[in-house]
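The values are calculated or read from the model by the stated rules, or taken from the named source; none is laboratory data. Keep in mind that what you see is a predicted model, and the values were worked out from it rather than measured. Glycine gets a Cβ as well: all are built from the backbone with ideal geometry, and neighbour counts include every protein chain shown. The area values use the complete protein model at the heavy-atom level, side chains included, leaving out ligands, DNA and RNA. Shrake-Rupley method; radii C 1.70, N 1.55, O 1.52, S 1.80 Å.
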Amino acid sequence: MKRSFYSRDPREVGPELLNKLLVVGLLAGRIVEVEAYLGSSDPGSHAYRGPTPRNAVMFGPPGGLYVYRSYGVHWCANVVCQPSGIGEAVLIRALAPVRGVSLMRAARLHGQIHPISDRDLCRGPGRLCEALGITSFHNGADLVTGDRGVSIVDDGMPPPEVPGVSVRIGLTKGAESPWRYFVTGERHVSGAAG
């Protein structure tokens, strides 16, 4: 994907990321759910109060990967949008596993008695990062060049003509904004499918 694809409003980029492939080394998943975050005008965004050491990547070049720890437990991955200095991004919320499913399952296994279903491997931002091995190592990676083995690839499957749209999930501020986009009817979507 060219840098110009990312250098736009995240409410435009988000729906167009649907059905693209997130690739990390030998692993790949189809993006089926995302959320847009609008920086200084969005109280739900990490960039709402300006740049900090934690969110500095959000203010970097478009096409960067902003990875942060949620509640000190789960890694979450965001695609940086807009030109440098603006601080907007799209959170990748869910993937449909495509390649390396057995490796994803092994990465998510924590001594459970029952195996993790394919549906639950990458359903949710923390789960998908764990399944694909996305960590702080990937924070700041350039998705355009495939830096650190991570990229977003267009394999020819178009985004849905009419994506599902809802409010974002799990926010206390900015929760009313309808900036969550998903592939309607897709079983790997993390929240309500519409």
(request) Check segment 6-18 and report whether any residue there is part of a strand (DSSP E or B) and surrounded by fewer than 22 Cβ atoms within 10 Å (Cβ to Cβ). (result) no
(request) Report whether or not Val32 is at pLDDT 95 or above, closer than 14 Å to Asp142 by Cβ and within 14 Å of the chain's Cα centre (by Cα). (result) no
(request) Can you work out which of the residues in segment 140-181 that are of a type in the set (A, V, I, L, M) and open to solvent by less than 40 Å² (accessible area, probe 1.4 Å) is farthest from Cys129 (Cα to Cα)? (result) Ala175
(message) Restricting to segment 72-103, count the residues that are open to solvent by less than 10 Å² (accessible area, probe 1.4 Å), touching a residue at least 60 places away in the same chain (Cβ under 8 Å) and either part of a helix (DSSP H, G or I) or of a type in the set (Gly, Ala, Ser) (or both).
(response) 3
(message) Being within 13 Å of the chain's Cα centre (by Cα), open to solvent by 10 Å² or more (accessible area, probe 1.4 Å) and in contact (Cβ under 8 Å) with a residue 60 or more places away in the chain: is that true of Tyr37 here?
(response) yes
(request) Among the residues of segment 131-147, write down those that are farther than 12 Å from Val67 by Cβ and not small (Gly, Ala, Ser). (result) Asp142, Val144, Thr145, Asp147
(request) Identify the single condition in (1) surrounded by fewer than 22 Cβ atoms within 10 Å (Cβ to Cβ); (2) of a type outside the set (A, V, I, L, M, F, W, C); (3) assigned to a loop (DSSP other than H, G, I, E, B); (4) in contact with a strand residue (DSSP E or B) (Cβ under 8 Å, 6 or more places away or on another chain) that Pro62 does not satisfy, given that it satisfies every other one. (result) (1)
(request) Scan segment 134-179 for residues that are part of a loop (DSSP other than H, G, I, E, B) and β-branched (Val, Ile, Thr) and jot them down. (result) Ile134, Thr135, Val144, Thr145, Val162, Val167, Ile169, Thr172
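Let's see how each residue does on (1) charged (D, E, K, R); (2) more than 30 Å from Asn55 (Cα to Cα); (3) touching a residue at least 40 places away in the same chain (Cβ under 8 Å):
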site: Ala107; (1), (2), (3): no, no, no
site: His114; (1), (2), (3): no, yes, no
site: Ser117; (1), (2), (3): no, yes, no
site: Ser136; (1), (2), (3): no, no, yes
(message) Looking for something crowded, with 16+ Cβ neighbours inside 10 Å and assigned to a loop (DSSP other than H, G, I, E, B) - is there at least one such residue anywhere in segment 125-133?
(response) yes
(request) Given the conditions (1) out of contact with any Gly (no Cβ under 9 Å at 6 or more places or on another chain); (2) assigned to a strand (DSSP E or B), report the number of the one that Val67 does not fulfil. (result) (1)
(message) If a residue must be touching a Leu at 6+ places or on another chain (Cβ under 8 Å), closer than 18 Å to Val98 by Cβ and not aliphatic (A, V, I, L, M), how many such residues does segment 124-148 contain?
(response) 3
(request) All but one of (1) open to solvent by 40 Å² or more (accessible area, probe 1.4 Å); (2) closer than 16 Å to Cys122 by Cα; (3) not hydrophobic (A, V, I, L, M, F, W, C) hold for Thr52, so report the exception by its number. (result) (2)
(request) Kindly list the number of the only condition in (1) open to solvent by 10 Å² or more (accessible area, probe 1.4 Å); (2) within 23 Å of Gly170 (Cβ to Cβ) that fails for Asp42. (result) (1)
